[in-house]
1. What do you reckon, is T136 open to solvent by 20 Å² or more (accessible area, probe 1.4 Å), over 24 Å from V75 (Cα atoms) and in contact (Cβ under 8 Å) with a residue 24 or more places away in the chain?
2. Condition first: open to solvent by less than 30 Å² (accessible area, probe 1.4 Å) and either in contact (Cβ under 8 Å) with a residue 24 or more places away in the chain or closer than 23 Å to V45 by Cα (or both). Now tell me which residues in the stretch 113-124 satisfy that.
3. Which of the following residues is out of contact with any Leu (no Cβ under 7 Å at 6 or more places or on another chain) and farther than 18 Å from V69 by Cβ: A123, A183?
4. Return the residue satisfying two criteria in turn: it lies in the stretch 36-61 and is surrounded by fewer than 18 Cβ atoms within 10 Å (Cβ to Cβ) and hydrophobic (A, V, I, L, M, F, W, C), and of such residues it is nearest to G104 (Cα to Cα).
5. Determine which single condition P179 fails, assuming it passes every other condition in (1) open to solvent by less than 60 Å² (accessible area, probe 1.4 Å); (2) within 18 Å of M36 (Cβ to Cβ); (3) under 13 Å from the mean Cα position of the chain (by Cα).
6. Please go through the stretch 139-170 and give me each residue that is in a loop (DSSP other than H, G, I, E, B) and either without any contact (Cβ under 8 Å) to a residue 40 or more places away in the chain or in contact with a helix residue (DSSP H, G or I) (Cβ under 7 Å, 6 or more places away or on another chain) (or both), ordered by number.
7. Pull out all pairs, ordered by first then second residue, where Cβ-Cβ is under 7 Å, the residues are six or more apart or on different chains, the first lies in the stretch 72-99 and is within 19 Å of V54 (Cβ to Cβ) and open to solvent by 10 Å² or more (accessible area, probe 1.4 Å), and the second is modelled with pLDDT under 95 and assigned to a strand (DSSP E or B).
8. Restricting to the stretch 132-153, give me the number of residues that are among the aromatic types (F, W, Y) and closer than 22 Å to K59 by Cα.
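The values are calculated or read from the model by the stated rules, or taken from the named source; none is laboratory data. Only a predicted model underlies this, so the values are computations on that prediction, with no experimental measurement involved. FYI the Cβ positions are ideal-geometry reconstructions off the backbone, even for glycines, and counts take in every protein chain you see. Just the protein is used for accessible areas: all its heavy atoms, side chains included, with ligands, DNA and RNA removed. Shrake-Rupley method; radii C 1.70, N 1.55, O 1.52, S 1.80 Å.
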Amino acid sequence: MVAGICAGAVVAALLASGGGSSGVGSGSGAPDGYWMRTDARFAPVGALVPSAAVTYDNKLVPAAAWIQVSQHIAVSGATTVRLKVDGMVPGHAYGVHVHQKPCGADPAAAGGHFQHKPSTDPAATNADNEVWLDFTADEHGAAEASAQHDWGFRQGEASSVVIHDMPGSHTRAACFTVPFGWAP
């Protein structure tokens, strides 16, 4: 019983200090900035066990495929976003962007791409003004991508990563709600 109480106290201390399973690190006390990492398995809309990762096209993003997104905000405010996936269609090229809103049952729920300098000009839709994480899955269905910018997200304006059926496409194959941080 004492061992159980001690184990519970250790878990509570870890969660209170930000060392829980979410992988979210503290930005204010970290000497090298803010760190966050989260992952999930894709599930179809309306799945018995819901997930933060939703597939809208089970052929392109199979249920149970895995996604991980991490973010690092340097003390300078520069942001790096990394993506890892597994279980995707081998050899397929996907377009991936950070979107403004959380995922929903309707693929449009995630809103538009997060833009550093918001604009309705189509020329502003580019890898310098947005976070693009396009990838081609390897022969095992795995891939990694990263994007680095000298700017960061605005509070509440970056909430998900949307996987499009191919680079340059507007068709949304899947979405992952991500707890992105922002520079003060």
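1. Spelling it out, T136 is indeed open to solvent by 20 Å² or more (accessible area, probe 1.4 Å), over 24 Å from V75 (Cα atoms) and in contact (Cβ under 8 Å) with a residue 24 or more places away in the chain.
2. At the first step, the residues of the stretch 113-124 found to be open to solvent by less than 30 Å² (accessible area, probe 1.4 Å) are 114-115, 124.
Residue satisfying the conditions is F114 alone.
3. On the way: A183 fails: farther than 18 Å from V69 by Cβ.
Every option except A123 fails the conditions.
4. Taking the candidates together, the pick is V45.
5. Failing condition for P179: (1).
6. First, the residues of the stretch 139-170 that are in a loop (DSSP other than H, G, I, E, B): 139-142, 150-159, 165-170.
Those that are in a loop (DSSP other than H, G, I, E, B) and either without any contact (Cβ under 8 Å) to a residue 40 or more places away in the chain or in contact with a helix residue (DSSP H, G or I) (Cβ under 7 Å, 6 or more places away or on another chain) (or both): R154, Q155, G156, H170.
7. Listed by first residue and then by second, the contacts come to nothing, as the list is empty.
8. Going through the stretch 132-153, the residues among the aromatic types (F, W, Y) turn out to be 132, 135, 151, 153.
Subsequent filtering for residues that are closer than 22 Å to K59 by Cα retains 135.
Qualifying residue count, the stretch 132-153: 1.
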